[in-house]
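Only the coordinates and a few stated rules stand behind these numbers; no lab work does. This one's a predicted model, so the numbers in the text were calculated from it and none came from an experiment. Every residue, glycine as well, gets a Cβ built from its backbone with ideal geometry; the counts of neighbours run over all protein chains shown.
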Amino acid sequence: MKTFFCIAALSLFTSVVLAQNTAIGEAQIHRISSDTVYFGECYKGDTVEAVFKFTVKGAGKLFIRQVYAGCQCTIPQYPKDSLTEGSIDSVCLQFHSKNIHPGAVDKFAIIINSGAERTFRMIGEVKALPANTQIKNRRIRLKTSY
């Protein structure tokens with residue numbers, strides 16, 4: 001009898017969760033300026049920052065639950081509030097190359113939201129500093145077209 005009540009409670013909970021997800025609506029990230037940015041070359045110690053703009057299309061609200069960065073050297077910044085249809089917002093990714101070995105890099109972040117998941121990428125190359133040179137901690141801001 002306990003098993004029956006446990007299964008009934010679990011199925012009720014699951015149906016409530018699914019109903020809430022459906023009630024949120026079908027809002028999705030519609031247009032992204034570009035989902036891949038090629039930043040070219042940077043030196044070890046530089047910070048490269050890219051802003052990915054998007055609009056929200058569809059009925060209901062869009063909630064960005066989390067932006068998962070592929071490694072600890074990439075830090076995402078994203079809107080925490082719900083977004084409505086027609087809203088224009090952005091996700092900012094910062095790539096810190098201080099502890100990265102020289103060579104090609106392909107950094108990504110996955111947006112987990114109430115609609116379909118999206119992936120943003122930053123591709124480029126980290127160059128070694130010339131001999132007897134200190135890390136300068138330069139910040140490079142990339143402009144993405146919308």
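So the check is Cβ under 6 Å with 6+ separation or different chains; which pairs have a first residue in the range 60-72 that's over 21 Å from residue 30 (Cβ atoms) and a second one that's among the small types (Gly, Ala, Ser) and surrounded by 18 or more Cβ atoms within 10 Å (Cβ to Cβ)?
69/109
Hey, could you check the range 36-61 for residues that are part of a strand (DSSP E or B) and on the phi > 0 side of the Ramachandran plot and say which is surrounded by the most Cβ atoms within 10 Å (Cβ to Cβ)? Explain how you work it out, then say what you get.
We begin by selecting, within the range 36-61, every residue part of a strand (DSSP E or B); these are 36-43, 47-57, 60-61.
Filter once more, so that each one left must be on the phi > 0 side of the Ramachandran plot: 40, 60.
On the way: 40: 11, 60: 18.
Taking the candidates together, the pick is 60.
Restricting to the range 84-132, count the residues that are outside any loop (DSSP other than H, G, I, E, B) and either without any contact (Cβ under 8 Å) to a residue 60 or more places away in the chain or not basic (Lys, Arg) (or both).
Here the count works out to 28.
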